[in-house]
Amino acid sequence: MIARIWHGRIPREKAGAYAEFLVRRAVPDYGSAAGLKKLLFLRRNEGEVTHFLLLTLWESMEAMRGFAGERPEMAVYYPEDNEFLLEKEERVELYEVFYEG
C-alpha cells in the first residue's frame, strides 16, 4: 500500500470554505478512483494560516497513477484551489506502508 500526502496553506478566514469545497469537490473525485483504500483530510490552525493535509492510501503505485497521472509525486490541483491556496506546492510526499494495525 502507498500513502500519498499533500499539504496546502490557506488563510485562516477561508479555512471553513475550503474544507467545504474539499468535501464537495475532492471527496467524490478521489472516491471515484479505482484502488483508493482510504482518504483522510486533516487541518491545523497556526496563527492566521490553516494547514491542510490530504492523506490518501492506495493499493498500489499503479492505482495511484490512475488518479494522479504518470508522475504521482506531482500535486494535483482543481481550478478552484486558486481562490484559497497561499501557494501551490509542486510535489506531494509518497510513502510505502509497511505495517497497518
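How about segment 51-71: which of its residues are more than 12 Å from the chain's Cα centre (by Cα) and either under 24 Å from ILE10 (Cα atoms) or among the charged types (D, E, K, R) (or both)?
Passing the criteria: GLU59, GLU62, ARG65, GLU70, ARG71.
Which of the numbered conditions does PHE52 fail, given that it passes all the others? Conditions: (1) closer than 21 Å to GLU90 by Cβ; (2) touching a Ser or Thr at 6+ places or on another chain (Cβ under 9 Å).
Only one criterion is unmet by PHE52, namely (2).
Can you name the number of the only condition in (1) in a strand (DSSP E or B); (2) of a type outside the set (Lys, Arg); (3) surrounded by 13 or more Cβ atoms within 10 Å (Cβ to Cβ); (4) over 12 Å from the mean Cα position of the chain (by Cα) that ALA33 fails?
Checking ALA33 against (1) in a strand (DSSP E or B); (2) of a type outside the set (Lys, Arg); (3) surrounded by 13 or more Cβ atoms within 10 Å (Cβ to Cβ); (4) over 12 Å from the mean Cα position of the chain (by Cα), the one that fails is (1).
Can you tell me which of (1) surrounded by 12 or more Cβ atoms within 10 Å (Cβ to Cβ); (2) at pLDDT 95 or above is the one ASN45 doesn't meet?
Evaluating ASN45 over (1) surrounded by 12 or more Cβ atoms within 10 Å (Cβ to Cβ); (2) at pLDDT 95 or above leaves (1) as the failure.
I'm trying to understand the selection: among the residues of segment 72-88, which are loosely packed, with under 14 Cβ neighbours inside 10 Å and within 14 Å of the chain's Cα centre (by Cα)? So that I can check it myself, show each step before the final result.
In the first step, residues of segment 72-88 are kept if they are loosely packed, with under 14 Cβ neighbours inside 10 Å; the result is 73-74, 77-79, 82-83, 86-88.
Of everything in segment 72-88, those that are loosely packed, with under 14 Cβ neighbours inside 10 Å and within 14 Å of the chain's Cα centre (by Cα) turn out to be GLU73, MET74, TYR77, TYR78, LYS88.
Please specify each residue of segment 54-98 satisfying the condition of being out of contact with any Phe, Trp or Tyr (no Cβ under 7 Å at 6 or more places or on another chain), in contact (Cβ under 8 Å) with a residue 60 or more places away in the chain, more than 15 Å from ILE5 (Cβ to Cβ) and assigned to a loop (DSSP other than H, G, I, E, B).
Residues satisfying the conditions are LEU85, LEU86, GLU87.
Determine, yes or no, whether GLU20 is loosely packed, with under 11 Cβ neighbours inside 10 Å and either among the acidic types (Asp, Glu) or part of a strand (DSSP E or B) (or both). If you could, list the steps in order and put the result at the bottom.
On the way: loosely packed, with under 11 Cβ neighbours inside 10 Å: yes; either among the acidic types (Asp, Glu) or part of a strand (DSSP E or B) (or both): yes.
Criteria met by GLU20.
The values are calculated or read from the model by the stated rules, or taken from the named source; none is laboratory data. The structure presented is a predicted model; accordingly, all values stated were derived computationally and were not measured. Virtual Cβ from ideal backbone geometry, glycine too; neighbours counted across all protein chains shown.
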